[in-house]
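> One structure, as structure tokens, below. Some questions next.
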Amino acid sequence: MKLTALKGKNFIRLKDGLLGLLIIVALTLLILRVQRPENPQPEANQFKPQEGYLAPRFSLRNLKGNLEGLDDHLGKVIVVNFWATWCVPCVKEMPSFENLYRRYRSQGLTLLAVSLDKGDSSKVQEFANKHKLSFPILLDTEGVAEKLYPSFSIPFTYVIDKQGRVVARVDGAKNWESSETFEAVEHLLKQ
């Protein structure tokens, strides 16, 4: 009989211990949930390729061999397009980028076309000459910018406001000469 009573007491102690542990875990989770809201707002100085965050910085060689990047265009609205010469939708999109750039460059818009072509830059130079592109073309032969702005498809484009924050991402080709695009660009230029 003594043996049975001891087993019962040990069972009660074990049960009480588990209950205490469960209460401590529940309280800890509740405290952590209160301290960290479900939908955190972007922090003021975080660099992420997402809307509301500061655009990740990079510098790449342009077709003239000089380093150029986002920091060279501070205070401007920046359109960063990732493309390649072998990408058919990219080729179709380039004339509308050229027209957008020519229309708004004097008002504070710049366009940086980041070529994802690997190897020799002569293909990219020939492409720029053939299509009479006047905006800066940057060569990401090492994949530096591509790692900062990952994507599963090309072309893809980021729009960055004058404060350096990402305001939009566009996947795939787009007509950059539409009236809605012009309105959005003009709105950003006025801010």
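Conditions (1) in contact (Cβ under 8 Å) with a residue 40 or more places away in the chain; (2) of a type in the set (A, V, I, L, M, F, W, C), marked per residue:
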{"site": "Phe127", "(1), (2)": "yes, yes"}
{"site": "Pro150", "(1), (2)": "yes, no"}
{"site": "Ala184", "(1), (2)": "no, yes"}
{"site": "His187", "(1), (2)": "no, no"}
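> Now, a different point. Quick one: would you say Thr141 is over 19 Å from Val88 (Cα atoms), in contact with a strand residue (DSSP E or B) (Cβ under 9 Å, 6 or more places away or on another chain) and among the polar types (S, T, N, Q)?
So Thr141 passes the test.
> Tell me which residues, restricted to the stretch 29-70, are at pLDDT below 65 and either in contact with a Gly (Cβ under 7 Å, 6 or more places away or on another chain) or of a type in the set (Ser, Thr, Tyr) (or both).
Scanning the stretch 29-70 gives a single hit, Pro42.
> Give Ser179, Ser151 a once-over and let me know the one that is under 12 Å from Trp83 (Cβ atoms) and either basic (Lys, Arg) or surrounded by fewer than 19 Cβ atoms within 10 Å (Cβ to Cβ) (or both).
One residue alone meets the criteria, Ser151.
The values are calculated or read from the model by the stated rules, or taken from the named source; none is laboratory data. In this text the structure is predicted, and so the values were computed from the model without any measurement. Please note: Cβ atoms are built from the backbone with ideal geometry, for glycine as well, and neighbour counts cover all protein chains shown.
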